[in-house]
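First the structure, in the form of structure tokens, and then the observations on it.
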Amino acid sequence: MNRPSQIITRFAPSPTGYLHLGHAYSAKRAHDFAKEQGGRFLLRIEDIDTGRCKPAYEQAIYEDLAWVGLTWETPVRRQSEHSNDYQQALKVLDQQGLLFPCFCTRKDIRREIENSGRAPHDITAHSPEGPLYPGTCRALTRTERQEKKAANIPYALRLDMAKALQQVTSQTLSWTDLEAGEQITTAETLNHLLGDAVLARKDIPTSYHLSVVVDDHLQNISHVIRGTDLFHATHLHRLLQCLLGYETPTYLHHKLLTDENGWRYAKRDNAETLRFMRENGEKLDFG
């Protein structure tokens, strides 16, 4: 699929709570970037986790963004309606021998790290997603995997990072951030920051990392505008784009808004939600 020359941006919230001021800032950045250059702005609902996503929160997203003054194209892509797209991407990766089932719980992972003599808090400090997976299930035999599946032990599908890197050894993986400039995705970054990333779970057909790459590709997103908290994740997304044969968008990772105490806004902070603000006659102020 050839990416069009027209600029296309998107905002992709999860309906797991009410949007806050930080969401409004990110959505407006993406919206205005596209509109100022005659492009298109899309809204995507990341509702693949049906256990946490609620219809009331989704409806609030539409109401809040309209209150902010944004307009978007319809119909809106809802991830829960496109699980086949993610399964197809997983199939492509599996055919390359790049996936393996992991039966470890988070507690198992932390215990394995502790037993290896490395303190979990030391590793967490170097990983945006917590303690790096130590590869416990990577070496399981086919029989062992089948036995665990037969016992209905929950599992996740992880990307075998070592094998994935072997697939791209002849290529230089780069991507551009409009503020930080050209970035090179290296094996060291992928191994030490992300490791064998989870791409799907038995009960959830895709992870954020896989779905965002697939969705951006299928929607022809030209520019991904999001917070700096996802800057390092873009290295993994660049690798997945290469493995899946996708083109790479241009990125812009913007600053994260914080409250008066320097804390990032969160959905649990009711006083800062857009719903609270609009119902109490407050005005937007991005500081």
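The values are calculated or read from the model by the stated rules, or taken from the named source; none is laboratory data. A quick note: this is a predicted structure, and the numbers were derived from the prediction, not measured. Here the Cβ positions follow ideal geometry from the backbone for every residue, glycine too, while neighbour counts run over all protein chains shown.
Kindly list the number of the only condition in (1) at pLDDT below 95; (2) outside any loop (DSSP other than H, G, I, E, B) that fails for L90.
Answer for L90: the failing condition is (1).
Conditions: (1) in a loop (DSSP other than H, G, I, E, B); (2) over 16 Å from K91 (Cα atoms); (3) out of contact with any Phe, Trp or Tyr (no Cβ under 7 Å at 6 or more places or on another chain). Y246 meets all but one. Number of the miss?
Single failed check for Y246: (2).
Looking at (1) surrounded by 16 or more Cβ atoms within 10 Å (Cβ to Cβ); (2) under 21 Å from H253 (Cα atoms); (3) more than 17 Å from the chain's Cα centre (by Cα), which one does S174 not meet, given that it meets all the others?
Only one criterion in (1) surrounded by 16 or more Cβ atoms within 10 Å (Cβ to Cβ); (2) under 21 Å from H253 (Cα atoms); (3) more than 17 Å from the chain's Cα centre (by Cα) is unmet by S174, namely (1).
Does the range 191-211 contain at least one residue that is of a type in the set (D, E), surrounded by 16 or more Cβ atoms within 10 Å (Cβ to Cβ) and farther than 18 Å from I109 by Cα?
First pass over the range 191-211, keeping only residues of a type in the set (D, E): 196, 203.
Going one step further and asking which of them are surrounded by 16 or more Cβ atoms within 10 Å (Cβ to Cβ), we end up with 196.
Adding the requirement that they be farther than 18 Å from I109 by Cα leaves none.
Looking through the range 191-211, none of the residues is of a type in the set (D, E), surrounded by 16 or more Cβ atoms within 10 Å (Cβ to Cβ) and farther than 18 Å from I109 by Cα.
Identify all residues within the range 131-154 that are of a type in the set (V, I, T) and not in a loop (DSSP other than H, G, I, E, B); write none if there are none. Walk me through it before giving the result.
Narrowing the range 131-154 to residues of a type in the set (V, I, T): 136, 141, 143, 153.
The one that is of a type in the set (V, I, T) and not in a loop (DSSP other than H, G, I, E, B): T143.
Please give the number of the condition G117 fails out of (1) more than 13 Å from Y133 (Cα to Cα); (2) modelled with pLDDT of 85 or more.
(2)
If A164 satisfies all but one of (1) in a helix (DSSP H, G or I); (2) of a type outside the set (D, E); (3) without any contact (Cβ under 8 Å) to a residue 40 or more places away in the chain, what's the number of the condition it fails?
Of the numbered conditions (1) in a helix (DSSP H, G or I); (2) of a type outside the set (D, E); (3) without any contact (Cβ under 8 Å) to a residue 40 or more places away in the chain, the odd one out for A164 is (3).
If I go through the range 236-260 residue by residue, how many of them are in contact (Cβ under 8 Å) with a residue 24 or more places away in the chain, surrounded by fewer than 19 Cβ atoms within 10 Å (Cβ to Cβ) and of a type in the set (D, E, K, R)?
2
Checking I109 against (1) among the aliphatic types (A, V, I, L, M); (2) under 21 Å from the mean Cα position of the chain (by Cα); (3) surrounded by 15 or more Cβ atoms within 10 Å (Cβ to Cβ); (4) part of a helix (DSSP H, G or I), only one condition comes out false. Which one?
Failing condition for I109: (2).
Okay, residues lined up against (1) closer than 12 Å to L70 by Cα; (2) assigned to a helix (DSSP H, G or I); (3) among the small types (G, A, S); (4) in contact with a Phe, Trp or Tyr (Cβ under 6 Å, 6 or more places away or on another chain):
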residue: Q6; (1), (2), (3), (4): no, no, no, no
residue: T9; (1), (2), (3), (4): no, no, no, yes
residue: T16; (1), (2), (3), (4): no, no, no, no
residue: G22; (1), (2), (3), (4): no, yes, yes, yes
residue: H31; (1), (2), (3), (4): yes, yes, no, yes
residue: A34; (1), (2), (3), (4): yes, yes, yes, yes
residue: G38; (1), (2), (3), (4): no, no, yes, no
residue: L43; (1), (2), (3), (4): yes, no, no, yes
residue: D47; (1), (2), (3), (4): no, no, no, no
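Within the range 222-235, is even one residue at pLDDT 90 or above, assigned to a strand (DSSP E or B), buried (at least 21 other Cβ atoms within 10 Å of the Cβ) and among the hydrophobic types (A, V, I, L, M, F, W, C)?
Yes, because at least one residue in the range 222-235 is at pLDDT 90 or above, assigned to a strand (DSSP E or B), buried (at least 21 other Cβ atoms within 10 Å of the Cβ) and among the hydrophobic types (A, V, I, L, M, F, W, C).
Out of all the residues in the range 22-55, which are buried (at least 20 other Cβ atoms within 10 Å of the Cβ), more than 20 Å from L199 (Cα to Cα), in contact with a strand residue (DSSP E or B) (Cβ under 9 Å, 6 or more places away or on another chain) and among the hydrophobic types (A, V, I, L, M, F, W, C)?
A27, A30, A34, F41, L42, L43
Which of (1) in contact with a Phe, Trp or Tyr (Cβ under 8 Å, 6 or more places away or on another chain); (2) of a type outside the set (F, W, Y); (3) outside any strand (DSSP E or B) does E182 not meet, given it meets every other one?
In the conditions (1) in contact with a Phe, Trp or Tyr (Cβ under 8 Å, 6 or more places away or on another chain); (2) of a type outside the set (F, W, Y); (3) outside any strand (DSSP E or B), E182 misses (3) alone.
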